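The values are calculated or read from the model by the stated rules, or taken from the named source; none is laboratory data. All figures in this text were calculated on a predicted structure; none of them were measured in a lab. Backbone-built Cβ (ideal geometry, glycine too); neighbour counts: all protein chains shown.
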Amino acid sequence: MAIAVVASFGAPQMVQAHPGFVGHHGMGYGFHERMMNDIPEIEGTVPVEKSIGESIESVKIDALEAGAIAAKSIEDGKVFRGGVIPTQGYLVYHFAVMSPADDQLYRVLVDAGTGEILHTSEGISIAELDAIIVEMKNLWQRTSLL
């Protein structure tokens, strides 16, 4: 079983264009802030122990299975990216799931112990995400010239 532990998720071009999509330190009100802020209190089954390494041993659902669960939870869902992220004291899979049916991107949280869906965010339209990326590129270009 292979499990990827990641600090966050996002496409490489979005890392460059919009740190808010992938990091807690992003500038502006980006996708990541929007998605992290709407997570209600969750209760997972794999508590974060003293170290992530110790906690990973308790993960029962592999990344491929968790991704399939996340994709099936969204109409015509396609997993864009994901991984295990400590969330509210538990190890939880976070997946960005694209829905071509409504042209939205969703964050789906899957319990790393049971495969249960713990939360699905409101979607963000691809057009809105594109606008955020363009805005951030423009801001970075302006600030890099200073």
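Miscellaneous remarks
- Filtering region 68-98 to residues that are in contact (Cβ under 8 Å) with a residue 60 or more places away in the chain and buried (at least 21 other Cβ atoms within 10 Å of the Cβ) leaves Gly82, Val84, His94, Phe95, Ala96.
- Among the candidates Val92, Val108, residue that is touching a Leu at 6+ places or on another chain (Cβ under 7 Å) and at pLDDT 95 or above: Val92
- Subset of region 63-78 (residues that are over 15 Å from His94 (Cβ atoms) and not in a helix (DSSP H, G or I)): Glu75, Asp76, Lys78
- In region 99-146, the residues that are assigned to a strand (DSSP E or B) and exposed (fewer than 15 other Cβ atoms within 10 Å of the Cβ): Ser125
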